[in-house]
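Notes follow the structure.
The values are calculated or read from the model by the stated rules, or taken from the named source; none is laboratory data. Here the structure is a predicted model, which means the values were calculated and not measured. Quick reminder, even Gly has a Cβ in these numbers, built from the backbone with ideal geometry, and neighbours come from all protein chains shown. Protein only, heavy atoms only, side chains kept; ligands, DNA and RNA dropped before computing areas. Shrake-Rupley method; radii C 1.70, N 1.55, O 1.52, S 1.80 Å.
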Amino acid sequence: MARSPIVRPPRVLLLVSAAATAFSVLATLVSESRAALQSGLVASAAFLGYVLLAGRAAPRVRSALATAIGLFALVMAVQLGWLAEQPMRNGWMEPFYAPLDGGGPGLSMRPLPPGILDHWRQLIDRERIAGVGLLLGVLCLAVAVRALPARHRPKRTLLARIVAALLLVVVAVDVWDSVDDAPLCGALVAGWPALLATLVAAAVLALSAGRADRRALVPLGALLVAVTAAVDLAHITASWSTWWTAADHSRDAFLQIGIAVAVGGWADVSAAVRAALAFAGPALLAIGALHASRDSDLTEPR
């Protein structure tokens with residue numbers, strides 16, 4: 001009589017995490033932010049259980065990975081709390097700016113409604129706080145990758161370093177373009193957590209090829225983490241640049257109040273792709289790191 005296959009808890013937790021991640025990405029695609037964050041928390045909790053229970057790994061690697069996943073989950077929990085304080089996306093009032101027709105030195109701007117810019121700046125500050133959580137999580141991933149056994153792979157290491165360098169060049173060009181006429185130093189100060197997270201993630205990518213598992217999941221995950229941090233950096237610097245332009249009363253611009261109606265399209269697709277990358281990057285890196293640590297002959301971290 002054939003024996004029924006044994007279902008292992010880590011495998012079940014990994015499947016639950018994958019299913020919750022897929023639902024979170026789908027919810028993001030249809031602009032259901034609350035459902036997306038709630039599903040993301042379920043996915044993170046299940047994957048955290050997987051990291052704690054899966055196979056044999058060096059304690060330093062496992063604890064660093066678990067801390068990183070916990071920090072990413074904490075960021076989502078905080079964002080879920082902030083979401084309860086914000087008005088609904090459909091039909092909420094938001095500012096937008098337009099140039100004055102036939103602008104000249106004799107024309108004056110319309111006064112800004114009180115509180116609009118303060119609320120806008122508060123949203124940027126919240127993005128910065130979320131970026132701090134991202135930075136701490138990426139630092140924990142760096143500790144985990146650094147604790148993996150080193151392997152001599154010169155070609156892969158060179159390729160990873162080239163990709164990391166190219167990513168930083170693309171990020172620098174994008175940030176320079178996004179700030180437009182706003183002060184670059186101000187944009188970098190506004191997005192310093194995402195900037196540091198991008199630099200650390202790029203360093204992890206450059207290091208990961210020499211400590212990768214057999215399937216190269218560690219460098220692939222490190223690349224996705226770096227891309228996620230770079231996207232966050234581009235978003236917060238662009239938001240700060242727009243806020244600075246709006247707050248500069250010497251510019252020929254006036255404020256109108258419009259109704260923002262969620263109609264889907266590329267914005268939702270972009271958010272869904274970003275959500276998928278945010279889940280896939282740490283997950284692939286963690287799975288690869290667990291395999292790399294388990295397959296080594298070392299029983300203690302380096």
Would you call R161 more than 19 Å from the chain's Cα centre (by Cα) and open to solvent by 60 Å² or more (accessible area, probe 1.4 Å)?
yes
Take the conditions part of a helix (DSSP H, G or I) and free of Cβ contacts under 8 Å to residues at least 12 places away in the same chain and apply them to A22. Does it pass?
yes
Over the stretch 178-197, the set of residues outside any helix (DSSP H, G or I) and within 28 Å of C140 (Cα to Cα) is G191
From the list G55, G104, G81, pick out the single residue that is at pLDDT below 90, touching a Ser or Thr at 6+ places or on another chain (Cβ under 9 Å) and surrounded by fewer than 21 Cβ atoms within 10 Å (Cβ to Cβ).
G55
Residues to consider are A18, A45; find the one that is small (G, A, S), open to solvent by less than 70 Å² (accessible area, probe 1.4 Å), more than 16 Å from L277 (Cβ to Cβ) and out of contact with any Pro (no Cβ under 8 Å at 6 or more places or on another chain).
A45
